[in-house]
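Asker: One structure coming up, written as structure tokens, with questions to follow.
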Amino acid sequence: MRPFEARRLLAATPSGTLFHTESGPLVVERHVQDIRRDDSDDVSLSLVLSGRGHHEQGNRGGVVETGDLGIVTLDRPFVSGAIENYEEMRLTVPRSTFLAHIGNPGEMAGRTFTGSGLSELLAGYLRSFAASIERMSDAEAAHAFEGALHLVRGVTSLETSNAHSDLSKSDVRSLALAYIQRRLQDPSLDPALISAALRISRTRIYLAFADDGGVCRDP
């Protein structure tokens, strides 16, 4: 077994923080005690550059593929992780900044926005930002950060206009798959446990996997 490896660039600016991370498989959980300790109200936006992972917050979440953008808020518990080696660019911004530039974080927390042409543009922009931020003044970094958030708004607006407050069949399946993949070695894993953990009825979980022969047949 290869040892765990990770590398991260962190750049703090007056507008928020930029992270560029390359890592082996991992799971990150934010608990109530973490929230009480740091009292952070920031919003975290993660763009997957390579690899595959998952995230869950509240009753939303699912598998996150290369090119996808995932959003979580730091004022509520969440779980995120990678099931293989991965690379990501992450922006952490104050809630007020997110509200001003992108929208209501409560409506987007736990959601995954599918990769698109704008996602590719955002990835290239963030790579360039990370490579040049050391040479920027605070004012230049603030302008560059605002440009990144403008692209994020474009990515999210492609899907937000079609969003529903209730989980769709595909949302339920994606959320359940993320939960299953993190607990494959748990001998007690069954539809009842998935239903209780995700707070989704067993009927809806069965319906989400009906086209695949049932939830118990999926890996």
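Asker: Any idea which of Thr112, Thr92, Thr97, Thr66 is free of Cβ contacts under 8 Å to residues at least 60 places away in the same chain and open to solvent by 10 Å² or more (accessible area, probe 1.4 Å)?
Answerer: Selected residue: Thr66, the only one of Thr112, Thr92, Thr97, Thr66 that is free of Cβ contacts under 8 Å to residues at least 60 places away in the same chain and open to solvent by 10 Å² or more (accessible area, probe 1.4 Å).
Asker: For the range 69-81, name all the residues that are in contact with a Pro (Cβ under 8 Å, 6 or more places away or on another chain) and open to solvent by 10 Å² or more (accessible area, probe 1.4 Å).
Answerer: Hit for the range 69-81 is Gly81, nothing else.
Asker: To continue, here is another question. Could you tell me how many of the residues in the range 167-219 are modelled with pLDDT of 80 or more and hydroxyl-bearing (Ser, Thr, Tyr)?
Answerer: Qualifying residue count for the region: 3.
Asker: Next question, about the same structure. Which ones in the range 95-109 are outside any helix (DSSP H, G or I) and out of contact with any helix residue (DSSP H, G or I) (no Cβ under 9 Å at 6 or more places or on another chain)?
Answerer: Answer for the range 95-109, where residues must be outside any helix (DSSP H, G or I) and out of contact with any helix residue (DSSP H, G or I) (no Cβ under 9 Å at 6 or more places or on another chain): just Ala109.
Asker: Also, quick follow-up: Is it true that some residue in the range 155-166 is at pLDDT 80 or above and more than 20 Å from the chain's Cα centre (by Cα)?
Answerer: no
Asker: Please state which of the following conditions Ser128 fails to meet, knowing it meets all the rest: (1) in a loop (DSSP other than H, G, I, E, B); (2) open to solvent by 30 Å² or more (accessible area, probe 1.4 Å).
Answerer: (1) is the only condition that Ser128 fails.
Asker: Here's something else I'd like to know. Assess whether Arg153 counts as being over 16 Å from Leu47 (Cα atoms) and open to solvent by 20 Å² or more (accessible area, probe 1.4 Å).
Answerer: no
Asker: Follow-up question, since we're still on this one. Test of understanding: among Gly115, Gly81, Gly61, Gly67, which residue is over 25 Å from Ile35 (Cα atoms), of a type outside the set (Val, Ile, Thr) and at pLDDT below 90?
Answerer: Result: Gly115 is the single residue among Gly115, Gly81, Gly61, Gly67 that is over 25 Å from Ile35 (Cα atoms), of a type outside the set (Val, Ile, Thr) and at pLDDT below 90.
Asker: List pairs: first residue in the range 187-204 and more than 17 Å from Gly61 (Cα to Cα), second residue part of a loop (DSSP other than H, G, I, E, B) and open to solvent by less than 70 Å² (accessible area, probe 1.4 Å) anywhere in the structure, Cβ distance under 7 angstrom, at least six positions apart or on different chains.
Answerer: Between residues of the range 187-204 that are more than 17 Å from Gly61 (Cα to Cα) and residues that are part of a loop (DSSP other than H, G, I, E, B) and open to solvent by less than 70 Å² (accessible area, probe 1.4 Å), the close pairs are Leu189/Arg183.
Asker: Out of (1) crowded, with 20+ Cβ neighbours inside 10 Å; (2) small (Gly, Ala, Ser); (3) under 18 Å from Val93 (Cβ atoms), what's the single condition that is false for Ser40?
Answerer: Tallying (1) crowded, with 20+ Cβ neighbours inside 10 Å; (2) small (Gly, Ala, Ser); (3) under 18 Å from Val93 (Cβ atoms), Ser40 fails exactly one: (1).
The values are calculated or read from the model by the stated rules, or taken from the named source; none is laboratory data. Just so we're clear, the structure is a prediction, and the values are computed from it rather than from any experiment. Cβ atoms come from the backbone with ideal geometry, glycine included; neighbour counts cover every protein chain shown. In case anyone asks, the SASA skips ligands and DNA or RNA and just uses the protein heavy atoms, side chains included. Shrake-Rupley method; radii C 1.70, N 1.55, O 1.52, S 1.80 Å.
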